[in-house]
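Down below is the structure, laid out as structure tokens.
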Amino acid sequence: MAKVFIKGLPSTMMDDFQLNVINLLQHAAENYGEREIKSRKLDGTLEVFNYKTIYERVKRLANALESLGVKPTDRVGVLGFNTHRYFEAYFGISGIGAIMVEMNFRLSPEELTYIAKHSKIKVVFADEQLIPVVEKVNDRVNFDKIVIMTDRERTPATKISKVYHYEDLLKNSSPNYDFPIIDEKSSCFACYTSGTTGMPKGVYYSHRAIVLHSMAVIQAVPVNTNDALLQLVPMFHANGWGWPFTATMVGAKQVFPGQYSLDNLKPIIDLLINENITISNGVPTLWIAIHNYLSSLKDKPKFNNLKVLIGGSEPPLALIRGLREFGIEVIHGYGSTETTPLSHINIIKYYLGLSQEEYEELKSKQGIPVFPIQRKVVTPDGKDVPWDNKTVGELLERGPWVVKEYYNDPRTFESFIGEGYEIWWKSGNAVTVDQYGYIKIVDRLKDLIKSGGEWISSVDMENFLMAHPKVLEATVVGVPHPKWQERPLAFIVVKPEYKDNVTKEELLEHLSKRFAKWQLPEIIFTDSIPKTSTGKFDKKVLREQYKDYFIKREMIE
């Protein structure tokens, strides 16, 4: 039954004051103008700015955009690494009323072409390293104008015509710009989900959603101007998880690492140490690699005040414990592209009086909603699940920064329930709720493994495998089985120092401490596990590649 909606007595407050993204930077420039913003260049050196100089560059960018013919509601694509120019694009494009489309350069040319056509992008900004990507997409789309973001004085060579140099545009534009007041419900950014099936789906964020989300992130990690952020989450991934905006709101120091690789983490470790970083972020696979790198150092660093927000998937307890040894506190957040992204945070309620074992079990959960996000967990027939820590249901969410529809996409109809003021987004996550209200993701609904009529959680099995001291990475998928419907396959990447010193039997014995015999997987050792464009394990690739694994084996036997 729908709730009653009451229109009460009008207030005496400035309720028509519009929340605009550019206000965050204006506030920082006025109140924290001297606070540093550093950006790592291709040659490894750091370029130093502050909020005052960045704001002036953003005003030049606004004038430059208008000189390129960009108007309110136009879509501007951006393909770039985490640099000050990407940061400036956030504010310059949204500040004139246009929409910045955050293009994930790790997607295929076909997917990027779909995004460009679907969102009607005419102007593209791209880092010079990504010119080959832009060229492939341009062959299919033929963009009106392309702006190259580069440290070079001249525009790098490209076969694309109508090319502009970012720094030249800024140099030739006025530093004076009077930003308009924009309806806060207007779109400012667009991010396309990396869908498991079909082409990506468009999520268009409003100014209001971004500003409110920026304020809410502080519920996850209290932060102020004395903090220093190292932005490791790609800034094209759900607005960099909102951290560039929250850091701007409070005037924190920001450090952008530019292009970096898991194969060479020294530049990242150097930034963490040399820039006195107090806040960072990233998916578990990144921090597993960082932990492994730190553990390999002869002189192991000790961090005094570093908090790391880890999301995207559940961080293994072994990783939480391992980073703690280096003085790094892990805070587990949960969200999605559709929720801007933060919706839940694992804040331990110390008044619960937990034992160490209970405390660590709670740390593995996704947590409680960030205000004012509302959630419910329902069974397939729509009934609320009991808070018993075992009944599985689908997580539904709604709130001021939760999507209510996908942009111009018929898949909207299968992803939402309700109407009007009571629309709920169906997350597709299978979760349980404990007696204290903490949710735990058991799996994606599509990733739950059903074997012989019983469910197996791939997430729990992965995390317990990664608790083994010899395991670097592990992922588990269900593949068809002629007798049991599905059986789990576990893919294991062993730590280099144990490459020739680990057996399947050893890992199965380890799993037997937590899982029943019928739940134990087949184990496959591998040098690497495929990952999605956002750094998560790509289970759909493994499911497709090994879909006949048990069927063929049965035929042979």
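The values are calculated or read from the model by the stated rules, or taken from the named source; none is laboratory data. Just so it is clear, the structure is predicted and the values come from calculations on it, not from any experiment. With ideal geometry, Cβ positions are generated from the backbone for all residues, glycine too; neighbour counts draw on all protein chains shown.
Which ones in region 525-542 are surrounded by 17 or more Cβ atoms within 10 Å (Cβ to Cβ) and assigned to a helix (DSSP H, G or I)?
K539, L542
For the condition surrounded by fewer than 22 Cβ atoms within 10 Å (Cβ to Cβ), of a type in the set (G, A, S) and touching a Gly at 6+ places or on another chain (Cβ under 8 Å), what is the one hit in A28, A2?
A2
Within region 84-107, can you find the residues that are polar (S, T, N, Q) and under 20 Å from V233 (Cα atoms)?
Residue satisfying the conditions is N104 alone.
Of the residues A89, A126, A116, which is touching a helix residue (DSSP H, G or I) at 6+ places or on another chain (Cβ under 6 Å), in contact (Cβ under 8 Å) with a residue 24 or more places away in the chain and in a helix (DSSP H, G or I)?
A116
Considering only residues that are within 14 Å of E394 (Cα to Cα) and among the charged types (D, E, K, R), which ones fall in region 425-469?
Result: K426, K440, D443, R444, K446, D447.
Is it fair to say N463 is in a strand (DSSP E or B), in contact with a strand residue (DSSP E or B) (Cβ under 9 Å, 6 or more places away or on another chain), at negative phi and not hydrophobic (A, V, I, L, M, F, W, C)?
Judged against the criteria, N463 is not a match.
Restricting attention to region 377-406, which residues are closer than 28 Å to S186 by Cα and without any contact (Cβ under 8 Å) to a residue 60 or more places away in the chain? If you could, list the steps in order and put the result at the bottom.
Just the residues of region 377-406 that are closer than 28 Å to S186 by Cα, to begin with: 395-406.
Selection gives L395, L396, E397, R398, K404, E405.
Could you say which residue among K390, K426 is more than 27 Å from T73 (Cα to Cα) and either in a strand (DSSP E or B) or assigned by TED's automatic domain parsing to the domain that holds K539 (or both)?
K426
Regarding region 449-470, can at least one residue be identified that is in contact with a Lys or Arg (Cβ under 8 Å, 6 or more places away or on another chain), surrounded by 14 or more Cβ atoms within 10 Å (Cβ to Cβ), of a type in the set (D, E) and in the same structural domain as L511 (by TED's automatic domain parsing)?
Yes - at least one qualifying residue is present in region 449-470.
Pick from K201, K162: which is at pLDDT below 95 and not β-branched (V, I, T)?
Among K201, K162, only K162 is at pLDDT below 95 and not β-branched (V, I, T).
Can you tell me which of K349, K300 is surrounded by fewer than 18 Cβ atoms within 10 Å (Cβ to Cβ), over 17 Å from A220 (Cβ atoms) and of a type in the set (K, R)?
Within the list K349, K300, the selection yields K300.
Of all residues in region 33-53, which are in a loop (DSSP other than H, G, I, E, B) and of a type in the set (S, T, Y)?
T45
Looking only at region 245-268, decide whether some residue is hydroxyl-bearing (S, T, Y), outside the structural domain of K531 (by TED's automatic domain parsing) and crowded, with 19+ Cβ neighbours inside 10 Å.
Checked against the condition, which is being hydroxyl-bearing (S, T, Y), outside the structural domain of K531 (by TED's automatic domain parsing) and crowded, with 19+ Cβ neighbours inside 10 Å, region 245-268 yields at least one hit.
Do any strands (runs of 3 or more DSSP E) lying entirely in region 163-241 carry at least 3 residues that are in the same structural domain as N63 (by TED's automatic domain parsing) and touching a residue at least 60 places away in the same chain (Cβ under 8 Å), and which ones are they?
In region 163-241, 187-192, 202-206 are the strands (runs of 3 or more DSSP E) which contain 3 or more residues that are in the same structural domain as N63 (by TED's automatic domain parsing) and touching a residue at least 60 places away in the same chain (Cβ under 8 Å).
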